[in-house]
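The values are calculated or read from the model by the stated rules, or taken from the named source; none is laboratory data. Only a predicted model underlies this, so the values are computations on that prediction, with no experimental measurement involved. Ideal geometry is used to build each Cβ from the backbone, glycine not excepted, and the neighbour counts take in all protein chains shown. All accessible areas refer to the heavy atoms of the entire protein, side chains included, with ligands and DNA or RNA removed. Shrake-Rupley method; radii C 1.70, N 1.55, O 1.52, S 1.80 Å.
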Amino acid sequence: MLSARRGWRALRRCAALPAAPPPARPRLRVRQALAAREEAGGVAVQGWVRSVRSQKEVLFLHINDGSSLENLQVVADPSLGTRDLTFGSAVEMQGKLVKSPHRMQNMELKAETIRVVGPCDIWSFPLKMKERHPLEYVRQFPHLRCRNNTLGSLLRVRSEATAAIHSFFKENGYVHIHTPIITSNDCEGAGELFKIEVKKNHFFDVPAFLTVSGQLHLEVMAGAFTHVFTFGPTFRAENSQSRRHLAEFYMVEAELSFTESLQDITQVMEDLLKTATSTVLSKCPHDVELFHKYIAPEQKDRLEQMLKKKFVTISYSEAVEILKQAAQTFTFKPEWGCDLQTEHEKYLVKHCGEVPLFVINYPYDIKPFYMRDNEDGPQHTVAAVDLLVPGIGELCGGSLREERLHFIESRLQRLGLADTYQWYLDLRKYGSVPHGGFGMGFERYLQYLLGVDNIKDVIPFPRFSHSCLL
């Protein structure tokens, strides 16, 4: 009897427990839904409405969640539509994934339920349905421009390019180093610096700056690892109002130990550029095509030529002679001993067949202290290299580093920097080896890849002026 009562109590307790929730429906990204091969019921899709078209017997929607340039078509009964179901609204819908009769799309969603998660006021929303907004227009709305097709494609390309660069270095045995953002190292010659100051007292014992390059820190690591790279933000306090400059940008930098040839450095540059570009073109074909079709129609051919052909190499002295013999009049007169300007770089690339061009062996006096002395004459040069590409000019810069203690010591003394860079001299005292490296501006690379003229259109958050930061 007692055991029977206990049994009834247990049953009553079970009856009082809340019912188990229904199993969650499979949630698909738009990209997954479009790539599906088989129909599937009970799926959920979330995203933002890109278009709404209501007919007497059917409601058509296009939904996007950022995973694809293509939208997913949704068909539903008109009764599922509401006043809040507008362009720009955030929605969640459930239904059946079915074969689409539309020849441009493999699958579509037959919606059974539609829930508006976040409405959108279409009258004040600055982006309009089915309107191709120019980049100059969307640049005014840094907080909203990622919802534009063009910028969405850019950000997917940027993500894939980042992954491709990391993959290239990993597959080639490089160790990824996180170099510091706050540093006392000014990497002399790399650009103007943002100085960090704390009011009332000095937070640091020495002057501190936002980094302009991770190169010298990579050289430290190159004393223990033969192949190292870094990929991170850098800052330069130069005029960032032009179409070519940014105050904040990303740099890809690498150092190779036990190398005595500039050709070793240039080969890594060429392999990196070709590998990363091939990967992005295969991973984001529709996103890249959007830029090549509507913004830079000539860029597709440029990239195809770059991937097929071996890069050209000329010396700085040869470059100056080519410029002097040019029929074109330059704003800056080409002279031996002066740095090459963008107009010179673009002309040289065109002169050499519109393929990427390495210019090597620059004048000693215009390059930083760490570049290796070629010990030549009468025109004294260093083992430096710049990679110039069509439409952009300089994309990468690098050099062999001066590994000989007496050379680097005497040059630092002449510059009055021996005390500041004593740690750098130590690197040459203890197990120094021939080494070299290079850096590539990531945003410049994206400009080249997509054919974008204004560098501010390849960053997630543009800065219109020093007083307008998001």
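From SER167, SER100, SER159, which residue is more than 30 Å from VAL458 (Cβ to Cβ), surrounded by fewer than 18 Cβ atoms within 10 Å (Cβ to Cβ) and polar (S, T, N, Q)? Walk me through how you get there before you give the answer.
Values: SER167 fails: more than 30 Å from VAL458 (Cβ to Cβ); SER159 fails: more than 30 Å from VAL458 (Cβ to Cβ).
Selected residue: SER100, the only one of SER167, SER100, SER159 that is more than 30 Å from VAL458 (Cβ to Cβ), surrounded by fewer than 18 Cβ atoms within 10 Å (Cβ to Cβ) and polar (S, T, N, Q).
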| field | Odd one out for SER153 among (1) under 24 Å from ILE63 (Cβ atoms); (2) in a loop (DSSP other than H, G, I, E, B); (3) polar (S, T, N, Q) | value | (2)
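Kindly indicate which of LEU395, LEU387 is more than 22 Å from GLU260 (Cβ to Cβ), among the hydrophobic types (A, V, I, L, M, F, W, C) and open to solvent by less than 50 Å² (accessible area, probe 1.4 Å).
On the way: LEU387 fails: more than 22 Å from GLU260 (Cβ to Cβ).
Result: LEU395 is the single residue among LEU395, LEU387 that is more than 22 Å from GLU260 (Cβ to Cβ), among the hydrophobic types (A, V, I, L, M, F, W, C) and open to solvent by less than 50 Å² (accessible area, probe 1.4 Å).
Restricting attention to the stretch 131-146, does a residue exist that is among the acidic types (Asp, Glu), in a loop (DSSP other than H, G, I, E, B), surrounded by 13 or more Cβ atoms within 10 Å (Cβ to Cβ) and out of contact with any Asp or Glu (no Cβ under 6 Å at 6 or more places or on another chain)?
Scanning the stretch 131-146, I find no residue that is among the acidic types (Asp, Glu), in a loop (DSSP other than H, G, I, E, B), surrounded by 13 or more Cβ atoms within 10 Å (Cβ to Cβ) and out of contact with any Asp or Glu (no Cβ under 6 Å at 6 or more places or on another chain), so the answer is no.
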| Residue that is surrounded by the most Cβ atoms within 10 Å (Cβ to Cβ) [pool: residues in the stretch 33-49 that are within 29 Å of the chain's Cα centre (by Cα) and modelled with pLDDT under 95] | ALA33
| Which condition does SER399 not pass, out of (1) in contact with a Lys or Arg (Cβ under 9 Å, 6 or more places away or on another chain); (2) of a type in the set (S, T, N, Q); (3) at pLDDT below 95, if it passes all the others? | (3)
| request: Kindly provide the set of residues from the stretch 56-69 that are surrounded by 16 or more Cβ atoms within 10 Å (Cβ to Cβ) and either small (Gly, Ala, Ser) or assigned to a loop (DSSP other than H, G, I, E, B) (or both), ordered by number. | output: ASP65, SER67, SER68, LEU69
| When GLU343 is evaluated against the numbered criteria (1) surrounded by 14 or more Cβ atoms within 10 Å (Cβ to Cβ); (2) under 26 Å from GLU443 (Cβ atoms); (3) touching a residue at least 40 places away in the same chain (Cβ under 8 Å); (4) of a type outside the set (Ser, Thr, Tyr), which criterion, by number, is the only one it fails? | (3)
| field | Residues within the stretch 119-130 that are open to solvent by 100 Å² or more (accessible area, probe 1.4 Å) and among the charged types (D, E, K, R), tallied | value | 1
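Within the stretch 363-384, how many residues turn out to be farther than 18 Å from THR313 by Cα and open to solvent by less than 10 Å² (accessible area, probe 1.4 Å)? Break it down into steps so the answer makes sense when it comes.
So in the stretch 363-384, the residues farther than 18 Å from THR313 by Cα come out as 364-373, 375-380.
Now restrict to residues that are open to solvent by less than 10 Å² (accessible area, probe 1.4 Å): 369.
The number of residues fulfilling the criteria is 1.
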| task | For residues that are closer than 21 Å to GLN447 by Cα, in contact (Cβ under 8 Å) with a residue 60 or more places away in the chain and open to solvent by 60 Å² or more (accessible area, probe 1.4 Å), tally how many sit in the stretch 220-247. | result | 4
| Taking the stretch 283-321 as the region of interest, how many residues are in a helix (DSSP H, G or I), more than 23 Å from MET104 (Cα to Cα), open to solvent by 50 Å² or more (accessible area, probe 1.4 Å) and in contact (Cβ under 8 Å) with a residue 40 or more places away in the chain? | 2
| request: Please work out which residue is nearest to GLU219 (Cα to Cα), limiting yourself to the stretch 238-269 and to residues that are among the aromatic types (Phe, Trp, Tyr) and under 21 Å from the mean Cα position of the chain (by Cα). | output: TYR250
| message | For the list (1) of a type outside the set (Val, Ile, Thr); (2) touching a residue at least 60 places away in the same chain (Cβ under 8 Å); (3) part of a loop (DSSP other than H, G, I, E, B), I need the number of the one condition that GLN94 fails. | response | (3)
| request: Quick one: which residue in VAL359, VAL382, VAL389 is touching a helix residue (DSSP H, G or I) at 6+ places or on another chain (Cβ under 6 Å) and either of a type in the set (D, E, K, R) or touching a residue at least 60 places away in the same chain (Cβ under 8 Å) (or both)? | output: VAL389
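Being outside any loop (DSSP other than H, G, I, E, B) and more than 30 Å from LYS300 (Cβ to Cβ) is the requirement here; does GLN413 meet it? Give the steps one after another, and end with the answer.
Details: outside any loop (DSSP other than H, G, I, E, B): yes; more than 30 Å from LYS300 (Cβ to Cβ): yes.
Yes, satisfied.
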| For the stretch 156-199, how many residues meet the condition of being at pLDDT 95 or above and either assigned to a helix (DSSP H, G or I) or farther than 21 Å from VAL252 by Cβ (or both)? | 16
| query | If you check PHE332 against the conditions, is it closer than 19 Å to PHE438 by Cβ and of a type in the set (Phe, Trp, Tyr)? | reply | no
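Going through VAL433, VAL458, VAL452 one at a time, which residue ends up being more than 25 Å from HIS143 (Cβ to Cβ) and either in contact (Cβ under 8 Å) with a residue 40 or more places away in the chain or crowded, with 20+ Cβ neighbours inside 10 Å (or both)? Talk me through it step by step, then tell me what you get.
On the way: VAL458 fails: more than 25 Å from HIS143 (Cβ to Cβ); VAL452 fails: more than 25 Å from HIS143 (Cβ to Cβ).
Result of the check over VAL433, VAL458, VAL452: VAL433.
Going by the structure shown, is GLU238 among the charged types (D, E, K, R) and assigned to a helix (DSSP H, G or I)?
Values: among the charged types (D, E, K, R): yes; assigned to a helix (DSSP H, G or I): no.
No.
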